[in-house]
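First the structure, in the form of structure tokens, and then the observations on it.
The values are calculated or read from the model by the stated rules, or taken from the named source; none is laboratory data. All of these numbers come straight from a predicted model, not from anything done at the bench. Neighbour counts are summed over all protein chains in view; Cβ atoms, including those assigned to glycine, are modelled from backbone coordinates with ideal geometry.
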Amino acid sequence: MEMAPIVWLDGVLMGVLSPFAAVLLVVVGRGMARSVATGRRVIQGHVPSIVSVPATALLIVVIGIALGRGVVLPALTAAANFVHASVNEETTEGIVAPESSAVSGSSASFVAWDTLGRMGRDFVAAATSAQELAMFHGTDTKLVDPVRVYVGVRSADSAEQRAQLAVRELERAGGFDRKVLVVWVPTGTGWIVPKAAASLEQLHHGDTAIVATQYSFLPSPLAIFMDAGLANEEGITLFNAVRARWSRLPPDRRPKLVLFGKSLGAAGARVARD
């Protein structure tokens, strides 16, 4: 599966941190049990026993929802954002700003390299090169540099602004002149499947354009609970902006318009399609 192997340090960290997590769970569990018992005694003192059980259950649900929405969820959100925001600012070892004007983050780009986020930098820096295309198709075939447009969460302040910036970047890079144009809704972290993107570019001799905007830097399982609507909003906004510009082209000059998404991005792509 090409996953990184577990090293000895992972085992040490799990062994050290697990007792703290266990203690926290025990404290929370005992606190909940005592609260339930106290609430039941209070309720039994004022209402008949036949009503006390459902009343206690209702009280537990109300308190649980209140604590979850007012304390637990904001705390988890703040912690997740703190951890993953710093990861988003990192750059994968060996990844450098691209030189091709056909991709975002280059010196010709409207989108600054340091605003793309880690996943965005990985994506634009790994665009299929002329050498890789030639190795697959040979040197006698007409080949062009593929267009990769990416707008990070720090590149613009809102989904609408990111979409408009992405369209301008597509125009600059020549994305609307390619054979295939893909509106790609990434995963929660902003990740775009490398092999899927490279396969598309190889299949069409590089005559492709991929455009994506980042809506979060949280892993999809966290992003869907923290703010499930982000992927949907981003997918709809980006697709509508790209399609509006695409529709202004003469029908015989329009590239094939494709919508793609994976993981949480698949939800955003499905909503945009509908």
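What is the number of the single condition among (1) within 24 Å of GLU89 (Cβ to Cβ); (2) touching a Phe, Trp or Tyr at 6+ places or on another chain (Cβ under 9 Å); (3) not small (Gly, Ala, Ser) that ARG168 does not meet?
(1)
Considering only residues of segment 119-151 that are at pLDDT below 95 and of a type in the set (D, E, K, R), which is farthest from THR237 (Cα to Cα)?
Among them, the one singled out is ASP140.
Within the bounds of segment 129-146, is there any residue that is among the small types (Gly, Ala, Ser) and either within 26 Å of ARG248 (Cα to Cα) or touching a helix residue (DSSP H, G or I) at 6+ places or on another chain (Cβ under 9 Å) (or both)?
First, the residues of segment 129-146 that are among the small types (Gly, Ala, Ser): 129-130, 134, 138.
Filter once more, keeping what is either within 26 Å of ARG248 (Cα to Cα) or touching a helix residue (DSSP H, G or I) at 6+ places or on another chain (Cβ under 9 Å) (or both): none.
No, that holds for no residue.
Evaluate segment 115-136: report whether one residue or more is exposed (fewer than 15 other Cβ atoms within 10 Å of the Cβ), without any contact (Cβ under 8 Å) to a residue 12 or more places away in the chain and of a type outside the set (A, V, I, L, M, F, W, C).
yes
Check ALA159, ALA173 and return the single one that is within 19 Å of the chain's Cα centre (by Cα) and in contact (Cβ under 8 Å) with a residue 12 or more places away in the chain. If you could, list the steps in order and put the result at the bottom.
Working: ALA173 fails: within 19 Å of the chain's Cα centre (by Cα).
Of ALA159, ALA173, the one residue that is within 19 Å of the chain's Cα centre (by Cα) and in contact (Cβ under 8 Å) with a residue 12 or more places away in the chain is ALA159.
Taking PHE176, is it assigned to a helix (DSSP H, G or I), within 25 Å of ALA79 (Cα to Cα) and of a type in the set (A, V, I, L, M, F, W, C)?
Working: assigned to a helix (DSSP H, G or I): yes; within 25 Å of ALA79 (Cα to Cα): no; of a type in the set (A, V, I, L, M, F, W, C): yes.
When the stated conditions are applied, PHE176 does not pass them.
Can you find a residue in segment 155-165 that is under 14 Å from GLY206 (Cα atoms), assigned by TED's automatic domain parsing to the domain that holds GLY206 and charged (D, E, K, R)? It would help to see each step written out before you state the result.
Residues of segment 155-165 under 14 Å from GLY206 (Cα atoms): none.
The answer is no, given that none of the residues of segment 155-165 is under 14 Å from GLY206 (Cα atoms), assigned by TED's automatic domain parsing to the domain that holds GLY206 and charged (D, E, K, R).
Tell me which of these THR208 doesn't satisfy, since it passes every other one: (1) farther than 30 Å from GLY138 by Cα; (2) among the β-branched types (Val, Ile, Thr); (3) in contact with an Asp or Glu (Cβ under 8 Å, 6 or more places away or on another chain).
Answer for THR208: the failing condition is (1).
Give the number of residues within segment 106-132 that are outside any helix (DSSP H, G or I), over 15 Å from ARG168 (Cβ atoms) and either among the small types (Gly, Ala, Ser) or under 19 Å from the mean Cα position of the chain (by Cα) (or both).
5
Of the residues LEU238, LEU200, which is closer than 23 Å to MET119 by Cα, buried (at least 23 other Cβ atoms within 10 Å of the Cβ) and in contact with a strand residue (DSSP E or B) (Cβ under 8 Å, 6 or more places away or on another chain)?
On the way: LEU200 fails: buried (at least 23 other Cβ atoms within 10 Å of the Cβ).
From the options LEU238, LEU200, the qualifying one is LEU238.
Report yes if some residue within segment 250-263 is within 15 Å of VAL149 (Cα to Cα), within 14 Å of the chain's Cα centre (by Cα) and assigned to a loop (DSSP other than H, G, I, E, B); otherwise report no.
no
Yes/no matrix, rows are residues, columns are (1) touching a residue at least 12 places away in the same chain (Cβ under 8 Å); (2) in the same structural domain as SER155 (by TED's automatic domain parsing); (3) of a type in the set (Ser, Thr, Tyr):
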site	(1), (2), (3)
SER199	no, yes, yes
THR213	yes, yes, yes
SER216	yes, yes, yes
SER220	yes, yes, yes
GLY235	yes, yes, no
ARG248	no, yes, no
PRO251	no, yes, no
VAL258	yes, yes, no
ALA267	yes, yes, no
